[in-house]
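Working notes for the structure below.
The values are calculated or read from the model by the stated rules, or taken from the named source; none is laboratory data. Worth saying up front: this structure is predicted, and the values here are computed from it rather than measured. Note: ideal-geometry Cβ built from the backbone for every residue, glycine included; neighbour counts use all protein chains shown. Surface areas here come from the heavy atoms of the whole protein model, side chains and all, with no ligands, DNA or RNA. Shrake-Rupley method; radii C 1.70, N 1.55, O 1.52, S 1.80 Å.
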Amino acid sequence: MKVDGLTFIVTGGASGLGKEVARTLVSQGAFVSIFDINVDSSRNIASELGEDRCFVAGSVNVTVEADVAHAIAKTLEHFSSKKLGGVIISSGIVTPPATITGYGPDQVLTSYAQFEHVIGVNLLGAYCVAQKVSEILLKNNPFNKDGERGIIITVSSILGLDGLFVGYGTSKAGLTGLTLPLAKELSSFGIRVMSIAPGVFDTPIVDRSNKNAPIALFPRRLGEPTEFADLVLRVIDTPMLNGSVIRLDGALHV
Ligand SMILES: NC(=O)c1ccc[n+]([C@@H]2O[C@H](COP(=O)([O-])OP(=O)(O)OC[C@H]3O[C@@H](n4cnc5c(N)ncnc54)[C@H](O)[C@@H]3O)[C@@H](O)[C@H]2O)c1
């Protein structure tokens, strides 16, 4: 599937990996709509990319169905002459807000409130977006001879595959687990589902003050968001990639 001329929704597009995906898609002729709770940063990226190419419907919390439904409707209205090609679900959190304390391996076992919060944003929020976007994609006329009608890409994590952090790791394992069943259910409509599981990438979500943080074995550095965005483009462009999880981690296992 070529991205040129299609619209893509990027959740978490105000920062980090999602922001770089938005830039890369626009550089390849696509139109993007950013779904993020950080509306100021979303508007900054829209100004950078040009408001004719990058749309911000306002603040969109992926865990609120009404927000997501409203933002999808506004996106379709804004880019009314374009087809929606898919979504890259890059919204996510590692730690809950400061009001929810005691999170993580150095504290007592993750509380139910913490667990619920991180599962809510990373897993339920992702499914909320995937389910609502699917309803639009399946109405597309096929884009090519394979009959492709769109793509859903989630951003999981090697922590979900290797098993680290009760809340975060479980939420990301949920995303990797979602990939194949969702791909099977959407296959008859020509909609592909893929997940990318990054290692450690240089974005604001990573605690750079932690000198003991794991790092890729080779190349011996943090991943660049541009490397992630390039892979997203390859995944969209490769019809046979469907229902699987790609590690992007420089051989790092945690
Ligand atoms: N950076 C890494 O090393 C790394 C590694 C593995 C997985 N990931 C995953 O990649 C994704 C992107 O992470 P990043 O590194 O770009 O982090 P980031 O913090 O730079 O970006 C995350 C974005 O998600 C948004 N967001 C948070 N909660 C939201 C909500 N409820 N609704 C809408 N938007 C919300 C934030 O405002 C932010 O703009 C996340 O799912 C993260 O778990 C990142």
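Odds and ends about this structure:
- Kirkwood Rh (inverse of mean 1/r, distinct Cα pairs), segment 7-248, angstrom: 18.1
- Measuring only protein heavy atoms, the 1.4 Å probe finds L123 accessible over about 40 Å².
- Listed residues Y168, I9, N141: farthest to the positive end of the dipole of the chain (Cβ charges): N141
- Accessible surface of H70, taken over heavy atoms with a 1.4 Å probe and every protein chain present, rounds to 100 Å².
- Charge dipole of the chain (Cα centre as origin; +1 on each Lys and Arg Cβ, -1 on each Asp and Glu Cβ, all else neutral): 420 debye, rounded to the nearest 20.
- Working value for segment 112-234: equivalent-ellipsoid semi-axes of 29, 19, 11 Å, each the square root of 5 times a Cα gyration tensor eigenvalue, largest first.
- When the Cα positions of L109, S80, L49 are compared along the charge dipole of the chain, S80 comes out farthest toward the positive end, with charges on each C-beta of Lys, Arg, Asp and Glu.
- Once the Cβ-Cβ distance of F189 and E65 is raised to the sixth power relative to R0 = 22 Å, the FRET efficiency obtained is 0.55.
- Annotation: per residue accessible area for the chain equals 46 Å², rounded to a whole number [probe 1.4 Å, protein chains only].
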